[in-house]
Amino acid sequence: MSLNYAIDPEKKHVHITGEGPLTMPAMIAVIDEVAEDSCFDSNFSVIFDLTGAGYTAELADGDAFVSALKRRLENFQGRFALTVPESLHFLAKMYCVLAKVGGFDRMQCFTDLDEAKKWCGVAS
């Protein structure tokens, strides 16, 4: 299980990368870590890239993820792209809908990293 992030202040962007088996608590922890990083600014775009990760959803994961984002609304004002493998696309879309209903309307899901970068305004 591995979650890493890189902040690019010049591009005003954060790229979070997950590899191997991941749990929702670990994903929420990295969101909190990014929000608390002194190099991060709330207007930066974020790509949360799970294309190389193995994730099996638990029943309460959607609510937990949305709660974490709602708790950090002020920290994440830029676009938030969730990039997932095709097998998780439907689930990621549900998380985006839950986030929007919960007041976090800046998140979209993608299966293509280049499309996510384009949506976030980050050149490849």
- Message: Test of understanding: given the chain, find the longest segment containing no GluC sites (Glu not before Pro) that are in a DSSP loop and have at most 12 other Cβ atoms within 10 Å.
- Response: 75-124
- Message: Leaving out ligands and nucleic acids, and using a 1.4 Å probe, what accessible area per residue does the chain come to in Å²?
- Response: 53
- Note on the structure: Under the helix-only model (-39500 (n - 2.57) for each DSSP H run of 4 or more, divided by the residues of the chain), the mean residue ellipticity at 222 nm, to 500 deg cm²/dmol, is -11000 deg cm²/dmol
- Task: For segment 71-124, go through all pairs of different Cα atoms, get the mean of 1/r, take its inverse, and jot down that Kirkwood value in Å.
- Result: 11.6
- Query: Can you list the equivalent-ellipsoid semi-axes of the chain, largest first and in whole Å, using the square root of 5 times each Cα gyration tensor eigenvalue?
  - Reply: 19, 16, 15
- Got the relative contact order for segment 25-87 handy, in percent, Cα pairs under 8 Å and 6 or more residues apart? 52
- Message: Ignoring ligands, DNA and RNA, please state the percent of accessible area on segment 1-118 from carbon and sulfur, probe 1.4 Å.
- Response: 51
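The values are calculated or read from the model by the stated rules, or taken from the named source; none is laboratory data. In this text, all values refer to a predicted model and were calculated from it rather than measured experimentally. As a convention, Cβ positions derive from the backbone with ideal geometry for all residues, glycine included, and neighbour counts pool all protein chains shown. Protein only, heavy atoms only, side chains kept; ligands, DNA and RNA dropped before computing areas. Shrake-Rupley method; radii C 1.70, N 1.55, O 1.52, S 1.80 Å.
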